[in-house]
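As structure tokens, the structure follows; a few thoughts come after it.
The values are calculated or read from the model by the stated rules, or taken from the named source; none is laboratory data. Just so it is clear, the structure is predicted and the values come from calculations on it, not from any experiment. We place every Cβ from the backbone using ideal geometry, glycine too, and count neighbours over all the protein chains shown. SASA here: full protein model, heavy atoms, side chains in, ligands and nucleic acids out. Shrake-Rupley method; radii C 1.70, N 1.55, O 1.52, S 1.80 Å.
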Number of protein chains: 2
Amino acid sequence: MNERNPTLRERQREETRRAIQTCAVRLFTDRGYDRVTVAEIAEAAGVSSMTVYRHFPTKEDLVLVEQPVRHIAELVASSPASFPLVRRVGSALVDAATALTRREVDEPAAGERFLLDCLRLMIATPALRARHLDSQYAMQQAIVEALGEDAADQDDAFLARAAISACLAAMHMALTRWAEDDGRTPLPDLITRALTASFGDTAVVRRPGS
Amino acid sequence: MNERNPTLRERQREETRRAIQTCAVRLFTDRGYDRVTVAEIAEAAGVSSMTVYRHFPTKEDLVLVEQPVRHIAELVASSPASFPLVRRVGSALVDAATALTRREVDEPAAGERFLLDCLRLMIATPALRARHLDSQYAMQQAIVEALGEDAADQDDAFLARAAISACLAAMHMALTRWAEDDGRTPLPDLITRALTASFGDTAVVRRPGS
DNA sequence: ACCTACATGTTAGTGACTAACATTTGGGGG
DNA sequence: CCCCCAAATGTTAGTCACTAACATGTAGGT
């Protein structure tokens, strides 16, 4: 009863979740992450503090953007193994960013504004920035796992982890730049350029339209 | 009165600082970071909780390894500007790691064991890992600043940041591998291999003895 | 119309961290 | 040698993120 057929309870739950997160990001943007208490967020959203924690495990999770970890890992794993690893990961990241941005084009960019607000908070707040960087570490783990390399030689896995982490670090800077630029430059382009600046032409396939 | 001529008060202060940190890392290693309270650390070190906070701003700082940020930034800035950026950063990281490891060889590796303990805690504890990753973000900022590129075109600075972050991410994996391997493989070698796996031969000068 | 399970509220507690004030003690000046 | 200042530490009271336990109300199927 949860496949494309949300019951009333599920709709209500999702509604309060959205209300909490929206209030939180607005308050954080107005007064700064550290100067807003969870109790204030709860009050603004018309719920109790406990309900906030039932929807978001920590205060930081109110802002963290959930990345399509599994999707990206599968993209990498399904790419031709003959390509250099940085290109396989780079292409997956560009594709994921393209999909993410295209989704926003249909709507009147309401979701994109929210995403940009979250990213700006993440850049400005040390605690959030740290959490986000660690989530990329988790993505690296997922990609290595999807590649099935960690069962093989521990040393190969190490080199793969290094290359993947480097790619993700470059993408993180692209995300940062995207937010600082207020989303004016297309995110896939920024990622492509960040990867090229780091890895040269091995990273991405040169496309004519760029 | 603090240049190579520590007064009694300064020696005592340094002594309590060391005692606190030593007790903390031992307790963390024994029972896990989350299962040790600051009050327990203070008691084990024979001081009050407040004194712990006077020496270490947060509980996390008890474990975080202070990296020679300024030194590395200067190393990068003083390297030939004609080299690709990843090589400039990579060489600086390898040199810094060499210096760090050589220092340990003279002593009976007591400092190295402590460093390895800290790194292991950092790898195992999400909060510490996140903080450490963010400290690399700070190092990236310092390097860009030392290069003086952030006054120039904002777009060049973005590409530089991406490349530097990628290098640091590769080094982070080398650090992780070093700790997992219990320091058996020389750290500079691990960094060199991580950089080569990510960036190819542009990253480091090929040395005959490697 | 009942019954169960889920979403939420309430309360009491832990632990990291801060601010303010009190106390000791090292170190320089008389 | 004593005295005074300042640095280091202790003490206390408080804020806030987060958890556990129990209570309540309501949706959704029987």
So if I take the centroid of the Cα atoms in the range A:119-193 and the same for the range A:15-93, what is the distance between those two points in Å?
15
Compute the signed sum of charges (Lys and Arg +1, Asp and Glu -1) over the other residues within less than 10 Å, Cβ to Cβ, of A:A162.
+3
Just grab the label-to-label distance for B:A99 and A:A110, each label 7 Å out from Cα along the Cβ direction, in nm (one decimal).
5.5
Do any residues of the range A:131-149 lose at least 20 Å² of accessible area when the full set of protein chains is present rather than just their chain alone, and if so which, with a 1.4 Å probe?
A:L133, A:D134, A:Y137
Could you look at chain B and say what percent of its accessible area is carbon and sulfur, using a 1.4 Å probe and all protein chains?
51
State in Å² the accessible area per residue of chain B; use a 1.4 Å probe, count heavy atoms of protein chains only, and round to the nearest integer.
52
Defining the label point at 7 Å along Cα→Cβ, can you sort the distances from A:R13 to the same site in each other copy, shortest first, in nm?
5.5
Mind listing the label-point distances from A:D153 to the same position on all other copies, shortest first, one decimal in nm, points 7 Å along Cα→Cβ?
4.2
From the label point of B:S48, set 7 Å along Cα to the beta carbon, how far off in nm is each other copy's matching point, shortest first?
3.7
Radius 13 Å from Cβ of A:I72, net charge of other residues (Lys, Arg +1; Asp, Glu -1)
-2
At the nearest 100 Å², what buried accessible area, both sides summed, do you get for B and A when the probe is 1.4 Å?
2700
Provide the packing ranking of A:56-64, A:167-175, B:34-42, i.e. peptides ordered by the mean count of other C-beta atoms within 10 Å per residue, highest first.
A:167-175, A:56-64, B:34-42
Simple spin-label estimate for B:T185 and A:E10 in nanometres, 7 Å along Cα-Cβ:
4.7
Please work out whether the protein assembly as shown counts as rounded, prolate or oblate from its C-alpha gyration tensor, where a ≥ b ≥ c are the square roots of the eigenvalues and a/c under 1.5 means rounded, while otherwise a/b larger than b/c means prolate and anything else oblate?
oblate
With an 8 Å cut-off on Cα pairs and a minimum separation of 6 or more residues, tell me the relative contact order of chain A in percent.
22
